[in-house]
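Peer 1: Take this structure, written in structure tokens, and hold onto it; I'll ask about it next.
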Amino acid sequence: MKVSHVSDADHDVVTAAVAAAEERTSGEIVTVIAAQSNDYDDVALVWASVIAFLAMSVIALFPEFYRGLYDSITGGWGHELTANQWLGTVIAIGVLKWIGVWLILLWRPLRLWLTPRAILAGRVRARAIELFKVGTEAKTLGRTGVLLYVSLREHRADIVADEAIAAKVAPEVWGDAMASLIELVRKGKPGEGMAEAVRQMGVVLAEHFPRGSENPNELPDRLIEL
């Protein structure tokens, strides 16, 4: 089944931008776009556990209130719960809370919204590095590959460069390219955003790694969707 996060026009504009940028540099730019970088199952697990713990803690702190609530529900006809029965009831409530929160967080937009920004950025960065190691690192003769990665649902992007580029270009140098990309992606123009980022990346690469007499196209120009 073909993955499609962007239009054919977006593919064309990004591919053309990569080809144009590489005309002036020995650097090789790879572009990748994904719907999401991580499932954040551990985040859902933490939220479910925290809320379940808080629910049990509140009951433990205010036992008389909840015993009165129990009497109200049973109309005073319920038998007096022993300490063990009360403990079992509290644990059961905690388990039900945990299950309920976990089921609610199966809705991924809410799960993403509840994930701290630092974790989102970290997971996107980790995914970018993983893809870089598989498809870009050491795949060029001069170690001049660079990956531009966009993760749509997290609204995050990252740039990972091979050894030769990283030695000459500090990560903050890519800041303008990233800012342009994010601005256009937020406006619903991911193809244009990636193309503009590629153009600015090409300017940086041309400065440090100008095109040589031999300039083989060692990595694909096309936009890769995951």
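Peer 1: Taking region 195-215 as the search range and keeping residues that are outside any helix (DSSP H, G or I) and free of Cβ contacts under 8 Å to residues at least 60 places away in the same chain, which one is least open to solvent (accessible area, probe 1.4 Å)? Lay out the reasoning, then the answer.
Peer 2: Here is the first cut: in region 195-215, the residues outside any helix (DSSP H, G or I) are 209-215.
If we keep only those that are free of Cβ contacts under 8 Å to residues at least 60 places away in the same chain as well, we get 213-214.
Details: 213: 127, 214: 155 Å².
Of everything passing the filter in region 195-215, 213 is least open to solvent (accessible area, probe 1.4 Å).
Peer 1: Could I ask something else about it? If residue 136 satisfies all but one of (1) over 30 Å from residue 109 (Cα atoms); (2) open to solvent by 10 Å² or more (accessible area, probe 1.4 Å); (3) β-branched (Val, Ile, Thr), what's the number of the condition it fails?
Peer 2: The one condition residue 136 does not meet is (2).
Peer 1: Sticking with this structure for a sec: Taking region 31-40 as the region of interest, how many residues are buried (at least 23 other Cβ atoms within 10 Å of the Cβ) and in a strand (DSSP E or B)?
Peer 2: Residues in region 31-40 being buried (at least 23 other Cβ atoms within 10 Å of the Cβ) and in a strand (DSSP E or B): 2 in total.
Peer 1: Scan region 159-174 and tell me whether some residue there is under 16 Å from residue 37 (Cα atoms), outside any helix (DSSP H, G or I) and in contact with a strand residue (DSSP E or B) (Cβ under 7 Å, 6 or more places away or on another chain). Spell out how you get there, then give the answer.
Peer 2: Start the filter on region 159-174 by keeping residues that are under 16 Å from residue 37 (Cα atoms), which leaves 159-160.
Narrowing the set further to residues that are outside any helix (DSSP H, G or I) leaves 159-160.
The next check asks that each one be in contact with a strand residue (DSSP E or B) (Cβ under 7 Å, 6 or more places away or on another chain); those that pass are 159-160.
Checked against the condition, which is being under 16 Å from residue 37 (Cα atoms), outside any helix (DSSP H, G or I) and in contact with a strand residue (DSSP E or B) (Cβ under 7 Å, 6 or more places away or on another chain), region 159-174 yields at least one hit.
Peer 1: Of the numbered conditions (1) open to solvent by 20 Å² or more (accessible area, probe 1.4 Å); (2) among the polar types (S, T, N, Q); (3) within 19 Å of the chain's Cα centre (by Cα), residue 89 satisfies every one except a single condition; which is it?
Peer 2: In the conditions (1) open to solvent by 20 Å² or more (accessible area, probe 1.4 Å); (2) among the polar types (S, T, N, Q); (3) within 19 Å of the chain's Cα centre (by Cα), residue 89 misses (3) alone.
Peer 1: How many of the residues making up region 1-30 are over 14 Å from residue 199 (Cα atoms), touching a residue at least 24 places away in the same chain (Cβ under 8 Å) and not in a helix (DSSP H, G or I)?
Peer 2: Of the residues in region 1-30, 6 are over 14 Å from residue 199 (Cα atoms), touching a residue at least 24 places away in the same chain (Cβ under 8 Å) and not in a helix (DSSP H, G or I).
Peer 1: Do we find a residue being touching a residue at least 24 places away in the same chain (Cβ under 8 Å), assigned to a helix (DSSP H, G or I) and more than 19 Å from the chain's Cα centre (by Cα) anywhere in region 184-194?
Peer 2: Yes, there is a match, as at least one residue in region 184-194 is touching a residue at least 24 places away in the same chain (Cβ under 8 Å), assigned to a helix (DSSP H, G or I) and more than 19 Å from the chain's Cα centre (by Cα).
Peer 1: Can you confirm whether region 169-181 contains a residue that is farther than 21 Å from residue 24 by Cβ and in contact (Cβ under 8 Å) with a residue 12 or more places away in the chain?
Peer 2: Checking region 169-181: at least one residue is farther than 21 Å from residue 24 by Cβ and in contact (Cβ under 8 Å) with a residue 12 or more places away in the chain.
Peer 1: Now for a separate question. Identify, from the list 131, 105, 114, the residue that is in contact with a Phe, Trp or Tyr (Cβ under 7 Å, 6 or more places away or on another chain), surrounded by 13 or more Cβ atoms within 10 Å (Cβ to Cβ) and within 20 Å of residue 31 (Cβ to Cβ).
Peer 2: Values: 105 fails: within 20 Å of residue 31 (Cβ to Cβ); 114 fails: within 20 Å of residue 31 (Cβ to Cβ).
Only one candidate qualifies: 131.
The values are calculated or read from the model by the stated rules, or taken from the named source; none is laboratory data. All of these numbers come straight from a predicted model, not from anything done at the bench. Note that we place each Cβ from the backbone using ideal geometry, even for glycine, and neighbour counts take in every protein chain shown. Just the protein is used for accessible areas: all its heavy atoms, side chains included, with ligands, DNA and RNA removed. Shrake-Rupley method; radii C 1.70, N 1.55, O 1.52, S 1.80 Å.
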